[in-house]
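All of the numbers you see were taken from the coordinates with simple rules; none came from a lab. Note that the coordinates shown come from a computational prediction; the quantities given were computed from them, not determined experimentally. Positions of Cβ are backbone-derived with ideal geometry, glycine not excepted, and every protein chain shown enters the neighbour counts.
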Number of protein chains: 2
Amino acid sequence: MKRSERLVAMTHYFLENPKTLSSLPYFVEEYDAAKSSISEDIDIIDDMFQKMGIGELRTVAGAAGGVQYIPDLSIERAHTTVEKLIDLLEDPSRILPGGYVYMSDLLGHPKYVHEIGQVFASAFEHTEIDYVVTVATKGIPLAYAIAQVIGVPVVIIRRDPKVTEGSTVSINYVSGSSRKIQTMVLAKRSIEEGSNVFIVDDFMKAGGTIQGMKSLMREFNANVKGIGVLAEAEDEEEDRKVQDYISLIKFMEVDETKETIKVEKGNFFSS
Amino acid sequence: MKRSERLVAMTHYFLENPKTLSSLPYFVEEYDAAKSSISEDIDIIDDMFQKMGIGELRTVAGAAGGVQYIPDLSIERAHTTVEKLIDLLEDPSRILPGGYVYMSDLLGHPKYVHEIGQVFASAFEHTEIDYVVTVATKGIPLAYAIAQVIGVPVVIIRRDPKVTEGSTVSINYVSGSSRKIQTMVLAKRSIEEGSNVFIVDDFMKAGGTIQGMKSLMREFNANVKGIGVLAEAEDEEEDRKVQDYISLIKFMEVDETKETIKVEKGNFFSS
């Protein structure tokens, strides 16, 4: 196989298999090329991924070594992604009765969701994560996108048990804003004991739902290694039950009468 | 930029922007290269994508023309993907009380879900689809994966209305297996009138849920261009309310006492 062909195939391979350690002999056999040629290919791809701001190829030495793609979005790319989102979200036609903001279209669009997933993944580049955990419904595509970038499964907490989940663990918690008692349910076999998890949701107001997910993770003896929300509401900041989280955007003001939405960048960008 | 670098960057670009028509001048400017060089790059990538069985680059002539990546999984790759799934699903430890089969882990794993998404997308390579539609909860990662491969948004039907969705359209329908009346709800602004949709779900028994989704799509004047389910139950085939669907796998027998699961390939492979 020619170098030009190998570069196409190997670029595809690394993008499809993030964080997977593959040995050089694997590539030597797969593409029928000398080890030295494969090493050069890897250098070219690594250089280019770094220039493009999408991560790097990391080489692990030794017998069990190899090379793996570590996705990492450059901070410039993260800024661009979030600025685009803010532009879309400040459209006053998104205002719903009660001062809510319609976001479902963005949360379902792979173009945006995948980029948001890359931003979150870049925040956990150096953390070992076994599962991305979310609660039904709207945050699921986002959680899946993050899971895809870092190459781990997504685990979905439900509001109601289902027969196709087998035995479950459930907790009751108090929703932060409505003060109502709510339930969360998760299949027992969905998470292994002692796993490291990243919790994600689309929106956080008082933080009750995130707090509930943290409690549920305790039941699984899972270590919460990070919490991410796409958007947070600014006005609830003081009473918030959860403090150690990353947000990409912050709703500063939603005015139904004046028909204005004011959105700023979240705390991901302030550190 | 050197050819080797352009190949890495352009391969990444096409994979990240499926079905997006991009003009040659775009690449000429982006990568600071002659039009003839870009054309050669495109030929190399196109050849290689076809050899790899992941689709092709299609050139559209004319002033509004350009080149676009059309994802299409080769039938060999589809067979391999589904055989791997069958292997995983026939593990008897998946049997749940009542003869159900635990699939949530596979439905949450990007590695499998992305490949399943590619198989479904290949079935609709020549059909114009505007949205991938599913109903909460378990099918969402799958729907998102398909949506990502074909580059359109995913739309999530809910079981209960939510204030963050704005005004909604809801229908009541009778579940095929339990004969209970159920509700489906979808935000009015989630689908434009006259759109083409692909309906997807993780599992179909009697077909009541899929039938419900079809009815709901009628309320939006949407054209159902295809229906896909990952798995179908074999025993319900005769009474099924829905006939025009694609399935990737079929549960032939789940025996709680003997602790055996028998899975075969679905109708996707029989045409």
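Numbers at a glance
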item: Long-range HN-HN contacts of A:PHE203 with modeled amide H, under 5 Å; result: A:LEU230, A:ALA231
item: Per-copy distances of the B:GLU219 label point, shortest first, in nm (7 angstrom along Cα→Cβ); result: 3.2
item: Alpha carbon centroid spacing (whole Å) that separates the stretch B:186-232 from the stretch A:88-110; result: 23 Å
item: Highest-MSF residue in chain B out of B:GLU56, B:GLU125, B:GLU259 [GNM, Cα springs under 10 Å]; result: B:GLU259
item: For B:VAL155, residues with placed amide H under 5 Å, excluding near neighbours; result: B:VAL132, B:VAL133, B:THR134
item: Loop GluC sites (Glu not before Pro), the stretch B:150-257, which have at most 12 other Cβ atoms in a 10 Å radius of their Cβ (DSSP); result: B:GLU192, B:GLU193
item: Using θ = phi - 60° and Karplus 6.51 cos²θ - 1.76 cosθ + 1.60, couplings along the stretch B:5-16 (whole Hz; Gly, Pro as x); result: 5, 4, 4, 5, 5, 6, 4, 4, 4, 5, 5, 7
item: Cβ crowding within 10 Å averaged over residues, with B:172-185, A:150-163 ranked highest first; result: A:150-163, B:172-185
item: DSSP-defined antiparallel bridges as percent of all bridges, the stretch A:101-189, nearest 5; result: 65 percent
item: Among B:GLU128, B:GLU83, B:GLU30: highest mean-square fluctuation, GNM of chain B, C-alpha pairs under 10 Å; result: B:GLU30
item: Residue-averaged beta-carbon neighbours from other chains (10 angstrom radius) around A:135-143; result: 6
item: Student exercise, the stretch A:3-71 dipole from Lys, Arg, Asp, Glu Cβ charges, in Debye to nearest 20; result: 180 debye
item: Per-residue average of Cβ from other chains inside 10 Å of A:38-47; result: 2
item: Gyration tensor verdict on the stretch A:3-71 (Cα atoms; rounded if a/c is under 1.5, prolate if a/b is larger than b/c, oblate otherwise); result: oblate
item: For the stretch B:263-269, 3J(HN,Hα) per residue [Karplus equation, 6.51 cos²θ - 1.76 cosθ + 1.60, θ = phi - 60°, Hz, x = Gly/Pro]; result: 10, 10, 6, x, 5, 4, 9
item: Selected from A:VAL113, A:VAL135, A:VAL254 as most flexible by GNM, with chain A as the system and alpha-carbon contacts under 10 Å; result: A:VAL254
item: Estimated 222 nm signal from helices in chain B, with DSSP H stretches of n ≥ 4 weighted -39500 (n - 2.57), rounded to 500; result: -11000 deg cm²/dmol
item: For B:MET103, distant residues with modelled amide H under 5 Å away; result: none
item: The stretch B:167-184 - phi-based ³J(HN,Hα) in whole Hz, Karplus 6.51/-1.76/1.60, Gly and Pro as x; result: 5, 10, 10, 10, 10, 10, 8, 9, 5, x, 8, 8, 6, 8, 7, 10, 10, 10
item: Beta bridge orientation in the protein assembly as shown: antiparallel %, DSSP, nearest 5; result: 55 percent
item: DSSP-defined antiparallel bridges as percent of all bridges, chain B, nearest 5; result: 55 percent
item: Cβ-based exposure ranking for A:ASP202, B:ASP130, A:ASP255, in which fewest neighbours within 10 Å come first; result: A:ASP255, B:ASP130, A:ASP202
item: Global size of the stretch B:75-269 as Cα Rg and Dmax, reported in angstrom; result: 16.4, 51
item: Unit charges on C-beta of K, R, D, E only; dipole of the protein assembly as shown, Debye; result: 1180 debye
item: Rel. contact order, % - alpha carbon contacts under 8 angstrom, at least six apart, the stretch B:3-71; result: 39 percent
item: Per-residue mean of C-beta atoms belonging to partner chains within 10 Å, peptide A:105-115; result: 6
item: Cα shape, the protein assembly as shown, gyration tensor, a/c 1.5 rule; result: rounded
